[in-house]
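Before any comments, here is the structure.
The values are calculated or read from the model by the stated rules, or taken from the named source; none is laboratory data. Note that the structure is a prediction, hence the values are computed from the model and not measured. We place every Cβ from the backbone using ideal geometry, glycine too, and count neighbours over all the protein chains shown. Accessible surface is based on the protein model in full, side chains and every heavy atom, while ligands, DNA and RNA are left aside. Shrake-Rupley method; radii C 1.70, N 1.55, O 1.52, S 1.80 Å.
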Amino acid sequence: MRDHGTFLLNGERHEIRDMSPTTTLLNYLREDQKLTGTKEGCAEGDCGACTVVVSELVDGAVQHRAVNACIQFLPMLEGKSVTTVERLRGPGGTLHPCQQALVDTHGSQCGFCTPGFAMSLFAAYEDRQGKGLDRDTANDVLAGNLCRCTGYGPIITAAETMGDLPAPQWGEDRAARELRALEALCHTDTVKVASTDQQFFAPATLGEFAELFAEFPDATIVAGATDVGLWVTKRHMHLKTIIYTGRVQGFAHIAVSDNTLTIGAGATYSDAIQTLAEHFPDLGELVRRIGSTQVRNAGTIGGNIANGSPIGDCPPALIALNATLVLRTGDAQRRIPLEDFFVDYGVQDRKPGEFVEAIEVPLLENPDQFRCYKLTKRFDQDISAVCGCFHVTVDDGQVSSARIAYGGMAATPKRASAVEAALVGKAWTMETCEAALSKFSEDFSPMTDMRASSDYRMRSAQNLLIKYFVEGTEPLSTTRLVGRGSTIAGGANHA
Amino acid sequence: MTHSSDFNAEKASNLKVIGTRPARPDGVDKVTGRARFGADMNLPGQLVGRILRSPHPHAIIKSIDTSAAEALDGVKAVVTRDDFAENPDNHAVLCNVMAREKALYEGHTVAAVAASTATIARKALKLINVDYEPLPHVTDVDAAMQPDAPVLHDTIFTSGVDPVPTIPSNIVARCEFGHGDVEAGFAKADIIVERELKTAATHQGYIEPHACVASVSTDGMSELWCCTQGHFDDRKICAALLGIDVSRLRVTASEIGGGFGGKTTVFIEPVALALSRKAGRPVKIVMSREEVFKASGPTASTSMRVKIGVTNDGRMTACDGEFRLQGGAFEGSPFDSAAMTAFACYDLENVKSVAFDVVVNRPKGAAYRAPGAPMSVYGVESVVDEVALKIGMDPIEFRLKNAVRDGSQSSYGPKFGPNGLVETLEAAKAHPQYKTPLGPNQGRGIASGFWFNYGGETCSNLNINADGTVTLAVGTPDIGGSRASMCMMAAEELGIPYDSVRATVVDTGALGFNEGSYGSRVTYASGLAIINAAQQAITEMCKRASMMWDIPADAVTWEDGYAKPSGANAGEFEPMSLAEIAAIAANTGGPIAGHREHNADSAGISFGTHIVDTEVDPETGRVDVLRYTVIQDAGKAIHPDYVEGQFQGGAVQGIGWALNEEYIYGDDGKLQNAGFLDYRVPVASDLPMIDTVIVEVPNPGHPYGVRGVGETGIVPPLAAVANSVSAAAGVRLSELPMSPPRVLKAMDDAKQAAE
């Protein structure tokens, strides 16, 4: 076991030891390193002013991703390379094309959000071999960056035109150096970073992870820290023991076999989105709307489930898809239907020392029968008021099976069992759907909060069933303002 | 005013630099992260300041015990109300900066600590024991006006009513504007529409939280670094609250990460100074996003009644409005400007506009881009839309028929001079968007709006450097690209390239008093000072050339960057460039500079008209903005890209206000959405590319015709979006924001009413 962490910051090796392991990357940059180009606008992953690019080795190649530095704990960067806005400067002080484009289009007014925008554009530029972005992709890449001055127009233009500018001269040489430096950081030891009363473990194998969790069953498991990060930055919780899953080999595994898609609990949304969109187009689009690019680059599908939130977007979709949850304690595995995992508000069927290992999703014969609807005040980067997911199969005009699940309608993600029962065996018609509307009150009595009233939740949940029916019988594009059909699913990685 | 400030048509039609679009001088620093904002400053020995805030919306502070906090290792100072002397001239600001007898809103500052680390500071806050006696609270403006409402201040007796009440209430003041006889006017109307409408409180939403570093020496010499729209204003108020001489406090404005009016006052700055004075070390305070929402200065929420009468041929016969604005826990909501701007677009015989300033248990409001106008204009333009619809008249034709023109009597008093309202309406009518066909569930909205624009106390210096470059010292923080526009105006006057001029926003020690960057005044007022300063420098350079040539000073003229002999007695000399004159300045009398101090008026009113197309999802109530065009009179655009940037920024803030943004309070009087997670400002995908049309009707009070442009852009969008959504939904929406639940409910209710 190593007693310190190691990562690269702007090409230089940094060691992390004898410090609070919940120190955020942002505080380290701004307070310790005085790299003040990275800004703090919210410290909760909403505004993107702190966006940096984290690069890591994936299957032998370097992958660049934009993340929010404000909710990354420093030891999570083990073996990775962090690039801040200060390093975009090319040889001879030239600007990177994303920066030059922002200057040329007057993409800065006040300029406070600009370094964050530059880093989001930089990550996209690197991922796309120096191409500019089309409008839809720019919307996606920039959904996690707030600007209050410009109305985004000039920034979108910069995103579209940055590919037309000369590529930076340092490109290849620097990439090769970064690859070598990252290779040099590879190791399979468990890393421990501790202060007087906090400890952070970053195991590299599933076995060690299981052992550590058995030893410290009260530990907080952290994957992307898109939620746990806020426990620290907003609620000032003092986390004593943390086990980080991001280095566990095989934990982010995504595979299809025997008509089943298996998603390792450590797979980030960005890791999974292409495969999800391929097999379940609407789930791909739903995941594209979770958080922002920065959040999807860090957050995991396993974390979204294990967290147990009643408004997580993956659980209702995966419940409607009849997913199985694979839980693990030590060497022992246990499989349960996902819907049984959610017992009550804040209570899941998870024993001490047990963790979510994977999710198994049966593939569909007709993926278009599966639809997801995420209702929010804002289309991108917003928490669902209601999330409704539907999978109804019809044989000879009769409903043969129905799996309908909602988020935001109860204390847990929950199936609409009474509604399903009112559909099964009936003719698949508008009349049947309308007759089933009255059953919603047997399944749900949603709460009123700042995101939506009880009435709105109930009314829109009912309307979503109607929408699902209409969309199954009419062309998609005429019934959707936005979403699949007008925007390509595929998120951060679609080129 | 000097003659040079009046519109010069010949000059305005021969501009070389003005109207071009050079890169901003601060652009590279902003994309590289080098620009230093409020929180980017650190001083040696600096402590971390943290603020203890009231958890109660309304409570008597019976006692504060700081002894345990003071005893904690690493704590260097603790301040409370006892560290600030009573200050009758600045009572409201003082009480807002540090609560006195009562905490008046959730988040109200009660105490503050300075410690060696953030962790110790947070621990220390927990050790401060405050004994509160909670009181009943009120956060809604209408509820606060009721006779049985909990009263915040027993010193408020409504002003502007006769007789003055004998019992205190939450109604600070009533104001009234207008002329004619509205009842007689309504009697002449064929159709009258009257509506009650509401808008929610919103926040300016600047991405940079308030931040400052204060350092007070043992002899009282003090420095303050902060993100602000007005560092001279900050100096004035901080010096007053701390009881120090203005001359002993030097304030430096950092780069500012957005303000929009919200950084025109102080919150943490006097607290940081008080902590530094007590600790004897520099203190830095940075607000969290939650503190920004709970304890900076959001805008007013409003309720209003608007009544408009028209004849069948589209002439407005009478307009009557009542506007009720809460400005948080202290007096000072923009109720008066709400009343003044409400009907300002219309040439009316009979108009009456009444407004009330109301206090509630919310943070003290600050300015937000055209304060008061977006709300009252939302009410008026919604009803205008409805009456035009009722008489079957095109909404632009209706507005053209009633629009103010040069010489019209304004609804709030003065006569208007030349202005561009009609031009913006004509441009809207001719714009391709106005003719684009609409699909099902889509609607188009039009609205016009007005803002005064301000001038104010201003002071700028211009220095000719020995190498032929020029440095400008400006006292108004750059919130919208003003350094670029100052350089452009100096280059224009001096006849030298834009790249030879650099502008710096200098600290309070370097210039006389400047009002802050607000009121859309900077390009106009600071710019005019720069133009005048350049003219002064030109006079001096001509004099220096005349000395070299040994001819009378008035025999030298300035042309395209050169001093030239001119006239019968001038003689034959090679023209001297600015650089040549500058190079020998030491031998001709020393440095060459120009400066100008003035209290600028004639800022130039400005009107705008917006067109917006939206689509509504009938099943979920979601609104999608399809197309948006801003048309506004800029008088003369100095840097057209920045003018368009102001138009677009204002429109997008207005779109957010119209559709999603709101302060949501629980029954407990606490703010429920104090973060960007649930206070939803628009992101890129919420918006189409905002199209812009710059109309230029010259301001007669400026040599190039410049009018302020920063604020008018946020005035029409609330109404324009509401009119568009109402058309798309088939039902009039009368409460903002038009969030999906509210739109769906309105459509449902309309359906039920029809059945």
Listed residues B:LYS294, B:LYS263; which is open to solvent by 30 Å² or more (accessible area, probe 1.4 Å) and within 14 Å of chain A (Cβ to nearest Cβ)? B:LYS294
Do any strands (runs of 3 or more DSSP E) entirely within the stretch A:301-402 hold 2 or more residues that are over 28 Å from B:ASN660 (Cβ atoms) and not aliphatic (A, V, I, L, M), and if so, which? A:324-329, A:332-337, A:342-344, A:355-362, A:386-395
What's the number of the condition B:GLY666 fails, among (1) within 30 Å of B:GLU696 (Cα to Cα); (2) at pLDDT 95 or above; (3) not aliphatic (A, V, I, L, M)? (1)
From (1) open to solvent by 10 Å² or more (accessible area, probe 1.4 Å); (2) over 12 Å from B:GLY205 (Cβ atoms); (3) in contact with a Lys or Arg (Cβ under 8 Å, 6 or more places away or on another chain), pick out the condition that doesn't hold for B:ASN660. (2)
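Can you give me the number of residues within the stretch B:736-755 that are of a type in the set (Asp, Glu) and within 14 Å of another protein chain (Cβ to nearest Cβ)?
Our first condition is that a residue be of a type in the set (Asp, Glu); within the stretch B:736-755, this holds for B:748-749, B:755.
When the remaining residues are screened for being within 14 Å of another protein chain (Cβ to nearest Cβ), the result is B:748-749.
Of the residues in the stretch B:736-755, 2 are of a type in the set (Asp, Glu) and within 14 Å of another protein chain (Cβ to nearest Cβ).
May I ask you to list the residues in the stretch B:649-697 that are of a type in the set (A, V, I, L, M, F, W, C), out of contact with any Pro (no Cβ under 9 Å at 6 or more places or on another chain) and more than 7 Å from chain A (Cβ to nearest Cβ)?
We begin by selecting, within the stretch B:649-697, every residue of a type in the set (A, V, I, L, M, F, W, C); these are B:651-652, B:655, B:657-659, B:664, B:671, B:674, B:676-677, B:681, B:683-684, B:687, B:689-690, B:693-695, B:697.
The next check asks that each one be out of contact with any Pro (no Cβ under 9 Å at 6 or more places or on another chain); those that pass are B:664, B:674, B:676-677, B:681, B:683-684, B:687, B:689-690, B:693, B:695.
B:ALA674, B:VAL693, B:VAL695, listed by residue number.
If you take the residues of the stretch A:136-154 that are assigned to a helix (DSSP H, G or I) and farther than 22 Å from A:GLU44 by Cβ, which of them is farthest from the other protein chains (Cβ to nearest Cβ)?
Let us first name the residues in the stretch A:136-154 that are assigned to a helix (DSSP H, G or I), namely A:136-142, A:153-154.
In the following step, the residues that additionally are farther than 22 Å from A:GLU44 by Cβ were identified as A:136-138, A:153-154.
Numbers: A:ASP136: 8, A:THR137: 11, A:ALA138: 7, A:GLY153: 5, A:PRO154: 7 Å.
Taking the candidates together, the pick is A:THR137.
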Could you list all residues from the stretch B:413-439 that are open to solvent by less than 40 Å² (accessible area, probe 1.4 Å), small (Gly, Ala, Ser) and at negative phi? B:GLY417, B:GLY420, B:ALA427, B:ALA428, B:GLY439
Counted residues, the stretch A:91-105 - those being open to solvent by less than 20 Å² (accessible area, probe 1.4 Å) and either in contact (Cβ under 8 Å) with a residue 40 or more places away in the chain or more than 7 Å from chain B (Cβ to nearest Cβ) (or both): 5
Select from the stretch B:228-250 the residues that are out of contact with any Gly (no Cβ under 8 Å at 6 or more places or on another chain) and of a type in the set (Lys, Arg) and list them in ascending order. B:ARG235, B:LYS236
Check whether at least one residue in the stretch B:266-284 is surrounded by fewer than 22 Cβ atoms within 10 Å (Cβ to Cβ) and under 29 Å from B:ASP140 (Cα atoms), and report yes or no. no
Every residue in the stretch B:403-421 that is of a type in the set (Phe, Trp, Tyr) and under 13 Å from B:PHE607 (Cα atoms), please. B:PHE416
Residues to consider are A:GLY111, A:GLY45; find the one that is part of a loop (DSSP other than H, G, I, E, B), surrounded by 24 or more Cβ atoms within 10 Å (Cβ to Cβ), facing chain B (nearest Cβ under 9 Å) and free of Cβ contacts under 8 Å to residues at least 12 places away in the same chain. A:GLY111
Please go through the stretch A:27-42 and pick out each residue that is open to solvent by 10 Å² or more (accessible area, probe 1.4 Å) and basic (Lys, Arg). A:ARG30, A:LYS34
Residues in the stretch B:596-624 that are within 13 Å of another protein chain (Cβ to nearest Cβ) and either open to solvent by 10 Å² or more (accessible area, probe 1.4 Å) or at pLDDT below 95 (or both) total 9
Test: B:ARG732 is basic (Lys, Arg), away from every other protein chain (no Cβ under 14 Å), in a loop (DSSP other than H, G, I, E, B) and more than 27 Å from B:PRO437 (Cα to Cα): no
Output for the stretch B:54-76, where each listed residue is within 18 Å of B:ARG281 (Cα to Cα), part of a strand (DSSP E or B) and open to solvent by 40 Å² or more (accessible area, probe 1.4 Å): B:LYS76
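Tally the residues that are assigned to a loop (DSSP other than H, G, I, E, B) and within 20 Å of B:ARG277 (Cα to Cα), restricting the search to the stretch B:101-127.
Looking only at the stretch B:101-127, we keep the residues that are assigned to a loop (DSSP other than H, G, I, E, B), and these are B:101, B:104-108, B:116-117.
Pick out the ones that are also within 20 Å of B:ARG277 (Cα to Cα) and you get B:116-117.
So the answer is 2.
Would you check which residues across the stretch A:64-89 are within 11 Å of chain B (Cβ to nearest Cβ) and of a type outside the set (S, T, N, Q) and list them?
Restricting attention to the stretch A:64-89, the residues satisfying the condition of being within 11 Å of chain B (Cβ to nearest Cβ) are A:70, A:84-89.
Within the stretch A:64-89, A:CYS70, A:VAL85, A:GLU86, A:ARG87, A:LEU88, A:ARG89 qualify.
Looking at B:VAL612, B:VAL616, B:VAL625, B:VAL643 in this structure, which one is among the β-branched types (Val, Ile, Thr) and farther than 20 Å from B:ALA728 by Cα? First the steps, then the outcome.
Details: B:VAL612 fails: farther than 20 Å from B:ALA728 by Cα; B:VAL616 fails: farther than 20 Å from B:ALA728 by Cα; B:VAL625 fails: farther than 20 Å from B:ALA728 by Cα.
From the options B:VAL612, B:VAL616, B:VAL625, B:VAL643, the qualifying one is B:VAL643.
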State whether the residues of the stretch A:186-202 include one that is open to solvent by 50 Å² or more (accessible area, probe 1.4 Å), more than 14 Å from chain B (Cβ to nearest Cβ) and without any contact (Cβ under 8 Å) to a residue 12 or more places away in the chain. no
What are the residues in the stretch A:13-26 that are open to solvent by 70 Å² or more (accessible area, probe 1.4 Å) and modelled with pLDDT of 95 or more, if any? A:ARG13, A:GLU15
It is to be established whether one or more residues within the stretch B:35-53 are away from every other protein chain (no Cβ under 14 Å), closer than 27 Å to B:SER485 by Cβ and either outside any strand (DSSP E or B) or not hydroxyl-bearing (Ser, Thr, Tyr) (or both). no
Among the residues of the stretch A:207-254, count how many are open to solvent by 30 Å² or more (accessible area, probe 1.4 Å) and in a strand (DSSP E or B). 2
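Please find, within the stretch B:5-22, the residue that is nearest to the other protein chains (Cβ to nearest Cβ) out of those that are among the small types (Gly, Ala, Ser) and open to solvent by less than 50 Å² (accessible area, probe 1.4 Å). Even if it seems obvious, please write down each step before you answer.
Step one: of the stretch B:5-22, the residues among the small types (Gly, Ala, Ser) are B:5, B:9, B:12-13, B:19.
Then keep just the ones that are open to solvent by less than 50 Å² (accessible area, probe 1.4 Å); that gives B:5, B:12, B:19.
Working: B:SER5: 28, B:ALA12: 24, B:GLY19: 15 Å.
Looking at the filtered set, the residue picked out is B:GLY19.
Would you mind stating whether B:ILE584 is open to solvent by 30 Å² or more (accessible area, probe 1.4 Å) and of a type in the set (Val, Ile, Thr)?
Numbers: open to solvent by 30 Å² or more (accessible area, probe 1.4 Å): yes; of a type in the set (Val, Ile, Thr): yes.
Considered against the rule, which asks whether it is open to solvent by 30 Å² or more (accessible area, probe 1.4 Å) and of a type in the set (Val, Ile, Thr), B:ILE584 comes out as yes.
Determine whether the stretch A:17-26 contains at least one residue that is within 26 Å of A:PRO203 (Cβ to Cβ), aliphatic (A, V, I, L, M) and either away from chain B (no Cβ under 14 Å) or under 26 Å from the mean Cα position of the chain (by Cα) (or both).
Yes; the residues of the stretch A:17-26 include at least one that is within 26 Å of A:PRO203 (Cβ to Cβ), aliphatic (A, V, I, L, M) and either away from chain B (no Cβ under 14 Å) or under 26 Å from the mean Cα position of the chain (by Cα) (or both).
Within the stretch B:213-231, which residues are surrounded by fewer than 24 Cβ atoms within 10 Å (Cβ to Cβ) and touching a Phe, Trp or Tyr at 6+ places or on another chain (Cβ under 9 Å)? Write out each step before concluding.
So the first thing to find is which residues in the stretch B:213-231 are surrounded by fewer than 24 Cβ atoms within 10 Å (Cβ to Cβ), and the list is B:215, B:217-223.
Passing the criteria: only B:SER215.
Mind checking whether some residue in the stretch B:372-380 is outside any helix (DSSP H, G or I), crowded, with 23+ Cβ neighbours inside 10 Å and modelled with pLDDT of 95 or more? I'd like the intermediate steps shown before the answer.
Step one: filter the stretch B:372-380 for residues outside any helix (DSSP H, G or I), giving B:372.
Subsequent filtering for residues that are crowded, with 23+ Cβ neighbours inside 10 Å retains B:372.
Keeping just the survivors that are modelled with pLDDT of 95 or more gives B:372.
Yes; the residues of the stretch B:372-380 include at least one that is outside any helix (DSSP H, G or I), crowded, with 23+ Cβ neighbours inside 10 Å and modelled with pLDDT of 95 or more.
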